[in-house]
Amino acid sequence: MDRVLFVDGANKELRALRRGLRPLRDRWDMTFTTDVEQALGLVDEGGVDVVVCDDDLRATDGTTFLQTVRRHDPATLRVLLRRGSDAGTAMRAARVAHQVFSKPCDAETVHATVDRALRLRSMIDSAATRAFVTDLDSLPGAPVIHAELTEALSDPEVGLDVVAAIVGKDQSVAAKVMQLVNSAFFGLASPITSLERAAVYLGIDALRGLVLHVEVIRAFQAAADPSRARVIEEFSAHAFEVASVAEAIVGRGPAGGEAFTAGLLHDIGKLVLVIERFEQWAAVRAAARVSNTHILEHEREHLGVTHAEIGAALLGLWGLPFNIVEAVAFHHSPAEAARPDFSLAGAIHVADALTHEARGETPGRGGPALDHDYLRRTQVSSLLDDWRARQHHTTTSATRG
């Protein structure tokens, strides 16, 4: 039974939440408290799967409390309920909480959110996925520059000069970021010549995603022999197409930056397979091409785990935001994310499918299938032709460049 800890500064709201969640007592072992020290003691004892925390606690604020929870037990899923719309505070909260919701927040929403988080963790922490990941020889550690950027961006007042200085610490990362920003994928009318300007043009979140992509590719290239270099290059090119289309679907701004990052990382599980299990992966890919079916089916049959699950597990180990891990996990099956709206996983699903489709890799020809039932249920089917046109424009612009 999953153990869920609720921490709130007001007994009245805590009692209301307890009443609303009473029907779940046979599924969750729930503890409710207003005492921060007691809550941390329970986390230290181990066995707490989820902490749902109010932002207005008696001894501190919720974001600071969840930062402490993360230090005590990084594996604990963290959900924050907060009031207000201050962008700086919201950004700080998003750095530490897996999910952030505005109050008032009813029991049904809390239930659905915690359920999603537990389902995702169950998927990427399954026996098959855990066994596969722990058996790998040379998984790269969490990218250093990306981690430092994330830490710096926990301060909503951080300046672009600080961001540029962090990226500039590693000259090879900085040079590659500048090369990519000025590449055909972004179609700039005039070149960008500084990291600060790159941050302004891309947005902080997209720049951070780009840094992460560069560090990831570099780590995998270091472990690869020359025969695999072309596959890594193909991965990188496809990742940029998907990232660009996903950002176009979602729109610019923080949400677009998140979509861009998820698009860059959606197939990272394939990179793991290329480096660590190249012969098995090549056999699986060949089987998919012969049968004209999507590779996911063959991965499950022959490896016991899919590249989506491997990628999500790796990003989870690195501490990436919940939404991005979820999008990577479910980019072939967004309905499994169990959200009522069109989610980030849905945007990556569409961008990936349309990018494969543009190369002639349609369902029955080795490409992934669009989940039209999901698109209808989330009321976005009417936008598909527009998104297809955006994909075509993105690809054409890059090719011309």
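Observations on the model:
- Residues (of a type in the set (D, E, K, R), touching a helix residue (DSSP H, G or I) at 6+ places or on another chain (Cβ under 7 Å) and either open to solvent by 50 Å² or more (accessible area, probe 1.4 Å) or over 12 Å from Val7 (Cα atoms) (or both)) located in the range 34-55: Asp44, Asp49
- Helices (runs of 4 or more DSSP H) lying entirely in the range 203-294 (those with 2 or more residues that are surrounded by fewer than 20 Cβ atoms within 10 Å (Cβ to Cβ) and modelled with pLDDT under 85): 204-223, 229-250, 254-265, 278-291
- Count - residues of the range 301-335 that are farther than 27 Å from Thr150 by Cβ, touching a residue at least 60 places away in the same chain (Cβ under 8 Å) and part of a helix (DSSP H, G or I): 1
- Scoring His298 on the criteria (1) farther than 30 Å from Arg70 by Cα; (2) open to solvent by less than 20 Å² (accessible area, probe 1.4 Å); (3) assigned to a helix (DSSP H, G or I); (4) in contact with a helix residue (DSSP H, G or I) (Cβ under 6 Å, 6 or more places away or on another chain) leaves a single failure, condition (2).
- Cross-chain or 6+ apart pairs with Cβ under 6 Å, the range 38-58 first and over 12 Å from Asp8 (Cα atoms), then open to solvent by 30 Å² or more (accessible area, probe 1.4 Å) and in a strand (DSSP E or B): Gly47/Arg3; Val48/Arg3; Asp49/Asp2; Asp49/Arg3
- Test for Ser183: is it under 23 Å from Ala345 (Cβ atoms) and open to solvent by less than 40 Å² (accessible area, probe 1.4 Å): no
- Check on Arg71, within 25 Å of the chain's Cα centre (by Cα), open to solvent by less than 50 Å² (accessible area, probe 1.4 Å) and of a type outside the set (Gly, Ala, Ser): no
Residue-by-condition table, conditions (1) free of Cβ contacts under 8 Å to residues at least 24 places away in the same chain; (2) of a type outside the set (A, V, I, L, M):
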position: Leu207; (1), (2): no, no
position: Val214; (1), (2): no, no
position: Phe220; (1), (2): no, yes
position: Pro226; (1), (2): yes, yes
position: Arg230; (1), (2): yes, yes
position: Val245; (1), (2): no, no
position: Gly257; (1), (2): no, yes
position: Phe260; (1), (2): no, yes
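- Selection within the range 56-68: residues that are more than 25 Å from the chain's Cα centre (by Cα) and under 27 Å from Glu151 (Cβ atoms). The member of this set that is surrounded by the fewest Cβ atoms within 10 Å (Cβ to Cβ) is Ala59.
- Residue ID - surrounded by the fewest Cβ atoms within 10 Å (Cβ to Cβ), chosen from residues in the range 111-127 that are closer than 19 Å to Arg22 by Cα and touching a strand residue (DSSP E or B) at 6+ places or on another chain (Cβ under 6 Å): Leu118
- Failed criterion for Ala142 (all others in (1) modelled with pLDDT of 70 or more; (2) open to solvent by 20 Å² or more (accessible area, probe 1.4 Å); (3) within 15 Å of the chain's Cα centre (by Cα) hold): (1)
- All positions within the range 347-365 that are open to solvent by less than 30 Å² (accessible area, probe 1.4 Å) and either in contact with a helix residue (DSSP H, G or I) (Cβ under 6 Å, 6 or more places away or on another chain) or at pLDDT 95 or above (or both): Ala347, Ile348, His349, Val350, Ala351, Asp352, Leu354, Thr355
The values are calculated or read from the model by the stated rules, or taken from the named source; none is laboratory data. All values reported here derive from a predicted model rather than from experimental measurement. Glycine also receives a Cβ, built like all others from the backbone with ideal geometry; neighbour counts cover every protein chain displayed. Protein only, heavy atoms only, side chains kept; ligands, DNA and RNA dropped before computing areas. Shrake-Rupley method; radii C 1.70, N 1.55, O 1.52, S 1.80 Å.
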